[in-house]
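Engineer: My questions will all concern the structure given below.
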2 protein chains.
Amino acid sequence: MSNKSKLRVGVIGGGQLARMMIVPAINLGLDIKVLAETEDSSAALAATMVGDYTKFDVVQEFAKTVDVITFDHEHVPLEILQKLEAKGVNVQPPSKALAFAQNKLHMRRQLSALNLPMPEWAAVTDAEELDQFIADHGGVAILKTPIGGYDGKGVRVVRSADEASDWLTPEALAGFGGELLVEEKVEFVREVAQLSARNPSGEFKAWPLVQTTQSNGVCAEVLAPAPGTTPALLELSVAIAAHVAEGLGVTGVLAVEMFQTTDARLLINELAMRPHNSGHFSIEGSVTSQFEQHLRAVLDLPLGETEMTAPYAIMVNLLGVDSKNTFVGQYRKAMALHPTVKIHTYGKSARSGRKMGHVTAVGQIESAIASEVWQTVGILLNG
Amino acid sequence: MSNKSKLRVGVIGGGQLARMMIVPAINLGLDIKVLAETEDSSAALAATMVGDYTKFDVVQEFAKTVDVITFDHEHVPLEILQKLEAKGVNVQPPSKALAFAQNKLHMRRQLSALNLPMPEWAAVTDAEELDQFIADHGGVAILKTPIGGYDGKGVRVVRSADEASDWLTPEALAGFGGELLVEEKVEFVREVAQLSARNPSGEFKAWPLVQTTQSNGVCAEVLAPAPGTTPALLELSVAIAAHVAEGLGVTGVLAVEMFQTTDARLLINELAMRPHNSGHFSIEGSVTSQFEQHLRAVLDLPLGETEMTAPYAIMVNLLGVDSKNTFVGQYRKAMALHPTVKIHTYGKSARSGRKMGHVTAVGQIESAIASEVWQTVGILLNG
């Protein structure tokens, strides 16, 4: 490394996570290149190729232009990454870790082998097994497709196998790898997320635990740090994240989404092996943002400090309201009334429900910054 | 504006200031385009044109692609900007303000008309006038070329007109517009800079006064806020900046570099009508960075809050040591030992004395962050 004048990171996928990685690349003087799906991607500024990431030749050609490959999303076919690795390409996180992110059943099996805390779960292959699990767990369960789900897609609350008959046909099951994942419906007091990062040398750092609020399966609000947490809970949370990161061989940023139960247990719900919506607060709220940390980690550079820049941070997502409002037309009013709030939009075309941006405030008084952020969001949404 | 889905800013010049403007453009979802001098400019990521900014046709073609033109530097010929403005192009800061930034004699005359505090000065056209000024001011003076100077170039300490004979030839004088600027050599206790921003609607906001330390005419270290300042001095400083911004019709970021005298006066030394080295601390050290504020200001959006994110910030420049060290090879060591420090490099090729990057730390204890930053700089410079 010491003889190189630039460190070159390649990001597969041109979404908002790739876009937000461009910022620390500029600051640190890193060379960032993006393999985007379309010409007008959110990360178009750094897109050096537009192509199909499910085609080996495309990804291989892209890989030749960078020192390390990393990701905006977890959808690149494993076989492609394995072939690249076999040819000596540096892929971070490596395919063996991403295998767990791409298949929720593989993930559950590995977390079980690591004795990590989770909701009760089973792999089911037919209606009978599913109904039995439901009966054993109070008449309700969470059914998930092992692959292809995100932001609430591929997840269903079921009280009978009849409610999942479309996923249980032989054709559908085959598409999911022959099995569905069923989990107990946890009675939780809240959802939290533990964000951390690990580099290939094994260095690990965690941000403070955050509280996440979902709306229709999509992250709506994040409070950092999670209010009312005990030191014991914080310690437990970081220990879980470290165990997951090491046990699954994750590099880069890892988000562990968990349920906090009434008896103060933390149960792992989902994992993401990339910067995550629950960590957007860190752009302003942490000494090192999750996007900077991800770049440092995948380049095997030492990790930055993760302490907060202020006692409190709050982040609220901007979801598209219709096909017209890109929020930019409301900037003048929002900025005039809320000069301390930081508005982020991702340069995406408008669509109802789409993650179009987010708004963050940091400060000394939790209720004050929450009020600022929600008022700003209100203006941006409604004009 | 309310019907537009994107706001488009065009920056003339592809240096590090343009590079650092890309960051808030990404965050705010603004469309940023750069007219760069070369293919491998510091701001290449956002360069949509490479061309000669001294050619009207080039600049006009670029201007057609954006909503407002602003600058990485102050060297675009005034005639070009005036012609663009006559054709209805939105130029910020406008040519009438830039005229003062491009000619130090025009600037001194206008500041005098505004009764703003300055070193004593005169326009001289020959050796006799220069020697008279020197004799009237203790046998020493600061001689400046009215145009073309920056970072210590075009500035000379003189004790006799003989020391400026090369600038006093008819040919040389003609190149400077027929006159040189001579100023008293001020006995100052320190140099300070007042950074502020103003938008075309007249909104004005200032950051805290900072202390700057120069080395060989180049900014070396900035402390924010300037240590040991009285409320009266802070008030005076902001009042001066506001008077300059309004009096000269400046929009965007304005840096007023001043001498603080032993009797607590502030005397205006230089002005810059763009983001400035003395404001780099604001990237991490202020709720709104100077680069975000500049974009907001030139787009006539409301200005962001300028309070600091921590009690203290320190910024130290990374000047090139030779033609090989781009500092990236020392990242591993620097980051491992100093995880709270933020390293910035500008993607420029290495050259001795060149501004290649800077290092910032913010925190609660001034001496602690200063130690962190200087140790980091030491590693980056020496390996």
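The values are calculated or read from the model by the stated rules, or taken from the named source; none is laboratory data. Fair warning: this is a prediction, and the values are worked out from it, not measured in the lab. Glycine also receives a Cβ, built like all others from the backbone with ideal geometry; neighbour counts cover every protein chain displayed.
Engineer: Go through region B:5-23 and report how many residues are in contact (Cβ under 8 Å) with a residue 60 or more places away in the chain, at the interface with chain A (Cβ under 9 Å from one of its Cβ atoms) and either part of a loop (DSSP other than H, G, I, E, B) or not β-branched (Val, Ile, Thr) (or both).
Structural biologist: Residues that pass the stated criteria total 3.
Engineer: Scan region B:317-340 for residues that are in a loop (DSSP other than H, G, I, E, B), over 27 Å from the mean Cα position of the chain (by Cα) and facing another protein chain (nearest Cβ under 8 Å) and jot them down.
Structural biologist: B:PRO339
Engineer: While we're on this one: Considering (1) more than 30 Å from A:VAL238 (Cβ to Cβ); (2) at pLDDT 95 or above, say which one A:ALA172 fails and leave the rest.
Structural biologist: Tallying (1) more than 30 Å from A:VAL238 (Cβ to Cβ); (2) at pLDDT 95 or above, A:ALA172 fails exactly one: (2).
Engineer: Quick check on region B:214-225. Is at least one of its residues crowded, with 23+ Cβ neighbours inside 10 Å, touching a Phe, Trp or Tyr at 6+ places or on another chain (Cβ under 6 Å) and of a type in the set (A, V, I, L, M, F, W, C)?
Structural biologist: yes
Engineer: Also: Sort out for me the strands (runs of 3 or more DSSP E) sitting completely within region B:210-288 that have 3 or more residues that are outside the structural domain of B:ASP72 (by TED's automatic domain parsing) and not aliphatic (A, V, I, L, M). It would help to see each step written out before you state the result.
Structural biologist: Values: elements: B:210-215, B:218-224, B:252-261, B:266-272.
Fully inside region B:210-288 and qualifying: B:210-215, B:252-261.
Engineer: Hey, another quick one. Restricting attention to region B:27-70, and to residues there that are more than 14 Å from chain A (Cβ to nearest Cβ), acidic (Asp, Glu) and under 20 Å from B:VAL89 (Cα atoms), which single residue is surrounded by the most Cβ atoms within 10 Å (Cβ to Cβ)?
Structural biologist: Only one residue tops the list, namely B:GLU61.
Engineer: Next up: Which one of B:ALA127, B:ALA86, B:ALA44, B:ALA141 is more than 23 Å from the chain's Cα centre (by Cα), of a type in the set (Gly, Ala, Ser) and assigned by TED's automatic domain parsing to the domain that holds B:LEU17?
Structural biologist: It is B:ALA86.
Engineer: Right, something else. Quick check on region A:272-303: of everything there that is buried (at least 24 other Cβ atoms within 10 Å of the Cβ) and of a type in the set (Gly, Ala, Ser), which residue is farthest from the other protein chains (Cβ to nearest Cβ)?
Structural biologist: By that ranking, first place goes to A:SER278.
Engineer: So for region B:332-345 (the condition being in contact with a Gly (Cβ under 9 Å, 6 or more places away or on another chain) and of a type in the set (S, T, N, Q)), does at least one residue qualify?
Structural biologist: Looking through region B:332-345, at least one residue is in contact with a Gly (Cβ under 9 Å, 6 or more places away or on another chain) and of a type in the set (S, T, N, Q).
Engineer: Could you tell me which numbered condition A:GLY347 fails, if it satisfies all but one of (1) at negative phi; (2) touching a residue at least 24 places away in the same chain (Cβ under 8 Å); (3) not in a strand (DSSP E or B)?
Structural biologist: Unmet condition: (1).
Engineer: Here is a follow-up. For region A:1-56, enumerate the residues that are among the hydroxyl-bearing types (Ser, Thr, Tyr) and modelled with pLDDT of 95 or more. Write out each step before concluding.
Structural biologist: Kept after step one, since they are among the hydroxyl-bearing types (Ser, Thr, Tyr), are these residues of region A:1-56: A:2, A:5, A:38, A:41-42, A:48, A:53-54.
Matches in region A:1-56: A:THR38, A:SER41, A:SER42, A:THR48, A:TYR53, A:THR54.
Engineer: Is one or more of the residues making up region A:76-87 out of contact with any helix residue (DSSP H, G or I) (no Cβ under 9 Å at 6 or more places or on another chain) and surrounded by fewer than 18 Cβ atoms within 10 Å (Cβ to Cβ)? First the steps, then the outcome.
Structural biologist: At the first step, the residues of region A:76-87 found to be out of contact with any helix residue (DSSP H, G or I) (no Cβ under 9 Å at 6 or more places or on another chain) are A:86.
In the following step, the residues that additionally are surrounded by fewer than 18 Cβ atoms within 10 Å (Cβ to Cβ) were identified as A:86.
Yes, because at least one residue in region A:76-87 is out of contact with any helix residue (DSSP H, G or I) (no Cβ under 9 Å at 6 or more places or on another chain) and surrounded by fewer than 18 Cβ atoms within 10 Å (Cβ to Cβ).
Engineer: Take region B:24-54 and flag every residue that is in contact (Cβ under 8 Å) with a residue 24 or more places away in the chain and assigned to a loop (DSSP other than H, G, I, E, B).
Structural biologist: B:LEU30, B:GLU37, B:THR38, B:ASP40, B:SER41, B:SER42, B:ALA43, B:TYR53, B:THR54
Engineer: Quick check on my filter: what residues within region A:227-260 are modelled with pLDDT of 95 or more and of a type in the set (Val, Ile, Thr)?
Structural biologist: Those that are modelled with pLDDT of 95 or more and of a type in the set (Val, Ile, Thr): A:VAL238, A:ILE240, A:VAL244, A:VAL250, A:THR251, A:VAL253, A:VAL256.
Engineer: Every residue in region B:234-249 that is under 25 Å from B:VAL362 (Cα atoms) and either crowded, with 17+ Cβ neighbours inside 10 Å or of a type in the set (Val, Ile, Thr) (or both), please. Steps first, please.
Structural biologist: Going through region B:234-249, the residues under 25 Å from B:VAL362 (Cα atoms) turn out to be B:234-235, B:237-238, B:241.
Passing the criteria: B:SER237, B:VAL238, B:ALA241.
Engineer: Scan region A:126-143 and report the pairs whose first residue is closer than 15 Å to A:VAL186 by Cβ and whose second residue is surrounded by 17 or more Cβ atoms within 10 Å (Cβ to Cβ) and aromatic (Phe, Trp, Tyr), with Cβ atoms within less than 6 Å and a gap of 6+ or a chain change.
Structural biologist: Cβ pairs passing all conditions: A:ALA141/A:PHE133.
Engineer: Of all residues in region A:342-383, how many are within 26 Å of the chain's Cα centre (by Cα), of a type in the set (A, V, I, L, M) and more than 9 Å from every other protein chain (Cβ to nearest Cβ)?
Structural biologist: 8
Engineer: Are any of the residues in region B:73-89 in contact with a strand residue (DSSP E or B) (Cβ under 6 Å, 6 or more places away or on another chain), within 18 Å of B:ILE147 (Cα to Cα), without any contact (Cβ under 8 Å) to a residue 24 or more places away in the chain and away from every other protein chain (no Cβ under 14 Å)?
Structural biologist: Scanning region B:73-89 turns up at least one residue that is in contact with a strand residue (DSSP E or B) (Cβ under 6 Å, 6 or more places away or on another chain), within 18 Å of B:ILE147 (Cα to Cα), without any contact (Cβ under 8 Å) to a residue 24 or more places away in the chain and away from every other protein chain (no Cβ under 14 Å).
Engineer: Just name the residue that is farthest from B:VAL222 (Cα to Cα) out of those in region B:317-347 that are at pLDDT below 95 and of a type in the set (D, E, K, R).
Structural biologist: Residue satisfying both the conditions and the ranking: B:LYS324.
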